[in-house]
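Before any comments, here is the structure.
The values are calculated or read from the model by the stated rules, or taken from the named source; none is laboratory data. Bear in mind the structure is a predicted one, so any value in this text is a computation, not a measurement. Because the Cβ atoms are built from the backbone with ideal geometry, glycine has one as well, and the counts that use them run over all protein chains shown. The accessibility values were calculated without ligands, DNA or RNA, using every heavy atom of the protein model including side chains. Shrake-Rupley method; radii C 1.70, N 1.55, O 1.52, S 1.80 Å.
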There are 2 protein chains.
Amino acid sequence: MSGYELSSRFEASVGSTWSAGHSQIYPELVRLAADGLVEAGEPGPRGRKTYAVTAAGRDAVQAWLADTEPDRTVRDEAALRTFFLWLMTPEAARDHVQDELDAAEQSLDGLRLLAARRRPATPAERSQRIALEAGLRTTQARVGWARWALERLDDQAGRDDHPPG
Amino acid sequence: MSGYELSSRFEASVGSTWSAGHSQIYPELVRLAADGLVEAGEPGPRGRKTYAVTAAGRDAVQAWLADTEPDRTVRDEAALRTFFLWLMTPEAARDHVQDELDAAEQSLDGLRLLAARRRPATPAERSQRIALEAGLRTTQARVGWARWALERLDDQAGRDDHPPG
DNA sequence: CTCAACATGTAACTCGTTACATGATTGA
DNA sequence: TCAATCATGTAACGAGTTACATGTTGAG
């Protein structure tokens, strides 16, 4: 697969959990090739370079999966902003949550499209389906949250003195 | 509030959505002070330095909230690994998902504790409660996903030829 | 012929983590 | 007195983003 292709596929498949721009991928492929984890194939039409995983590369992935703990650090800017809802005008706060709702619904549409494709046949596809399900469920949760939050904000608007504008 | 205190509170409150180590906080406070967004107060007992937000600082936060779009980039290493379930032995795959389940359940316990505290009284507390709800719901979704995934893996184990060990 | 998509790279910068380094105060 | 906790910093490194920079191929 070429760097360009990797870059596109990243967006399309694992893109919901991780992303990488081409400026990160090209140098990394060179590095991986130097380490013998991938090897370059025949150059294609317009300067296209393809790489294939080597046995050592596959081992390295498996070693990573087996020997290292996942880093569970979360970094969710939209959620962070929710902590500061009280610094916004009631309208801005509502807009923020509405934006979250829209974003989540849109993301959900995309994921559902992927899920509807064809039923997974290979082990790799079955894994992808399981990973996709995680996205589906957490995104549904975000949709549910945003609807709940909107109601709650509207409820509060009736009673409260609003913070500074 | 001092840098040390900020560092601890980060962990305890917004920690579920964002984190920062002390090595990031101390230099940042110096920078913010130089920009007039916070100001240093009287030094305390053991070299303790306290800072307070200035009006300019509050404005800057509000400008950030109002003028910039949240970055919705997700980076979820545990979810990424799920894409590679098929490269693991069936046991390792199951363990991975079980670890996710354990982590999610533990995180959920912590969030529930926070949610049970006292009912929010101030606008800031109400915002925190709404933010917390997001954590609660997405974490519940992760628990649900992990249980579903375990069942699915066990189902498959009965039928499939397993990939390389 | 021209535009979109294919295709690859480099450089500067920012953000965050890990490790290094030090010292004061308090309670057991 | 000794350990934990409070308290603050710096330096090196790695990961990732943005912007810069260039060239090819195919379709309309």
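A few points about this structure:
- When A:ALA79, A:ALA92 are checked against the criterion of being farther than 19 Å from B:GLU77 by Cβ and either facing another protein chain (nearest Cβ under 10 Å) or of a type outside the set (Lys, Arg) (or both), A:ALA92 stands alone in meeting it.
- Residue among B:ARG142, B:ARG119, B:ARG147 that alone is free of Cβ contacts under 8 Å to residues at least 60 places away in the same chain, open to solvent by 70 Å² or more (accessible area, probe 1.4 Å) and not in a helix (DSSP H, G or I): B:ARG119
- In the range B:20-74, residue least open to solvent (accessible area, probe 1.4 Å) [restricted to those that are among the basic types (Lys, Arg) and in the same structural domain as B:PHE10 (by TED's automatic domain parsing)]: B:ARG48
- In the range B:13-25, the residues that are within 8 Å of chain A (Cβ to nearest Cβ) and β-branched (Val, Ile, Thr) reach residues that are in a loop (DSSP other than H, G, I, E, B) and open to solvent by less than 30 Å² (accessible area, probe 1.4 Å) with C-beta atoms within less than 6 angstrom, at least six apart or across chains, in these pairs: B:VAL14/A:PHE83.
- Looking only at residues in the range A:1-58 that are aromatic (Phe, Trp, Tyr) and in a helix (DSSP H, G or I), the one that is nearest to A:ALA115 (Cα to Cα) is A:PHE10.
- Residue in the range B:60-71 that is within 8 Å of DNA strand D (Cβ to nearest atom), assigned to a loop (DSSP other than H, G, I, E, B) and within 14 Å of chain A (Cβ to nearest Cβ) present: yes
- Test: residue in the range B:25-41 that is within 28 Å of A:ASP99 (Cβ to Cβ) and within 14 Å of DNA strand D (Cβ to nearest atom): yes
- When the range A:20-68 is filtered for residues that are acidic (Asp, Glu) and within 10 Å of DNA strand C (Cβ to nearest atom), only A:GLU28 remains.
- The residues of the range A:91-109 that are free of Cβ contacts under 8 Å to residues at least 12 places away in the same chain, more than 20 Å from B:LEU132 (Cα to Cα) and of a type outside the set (D, E, K, R) amount to a single one, A:GLN106.
- Qualifying residue in the range B:87-110 (condition: within 12 Å of DNA strand C (Cβ to nearest atom) and more than 20 Å from the chain's Cα centre (by Cα)): no
- Residue that is farthest from A:ASP95 (Cα to Cα), among those in the range A:111-142 that are more than 8 Å from every other protein chain (Cβ to nearest Cβ) and in contact with a Ser or Thr (Cβ under 9 Å, 6 or more places away or on another chain): A:PRO120
- Of all residues in the range B:99-110 being open to solvent by 20 Å² or more (accessible area, probe 1.4 Å) and touching a helix residue (DSSP H, G or I) at 6+ places or on another chain (Cβ under 7 Å), the one that is farthest from the other protein chains (Cβ to nearest Cβ): B:GLU105
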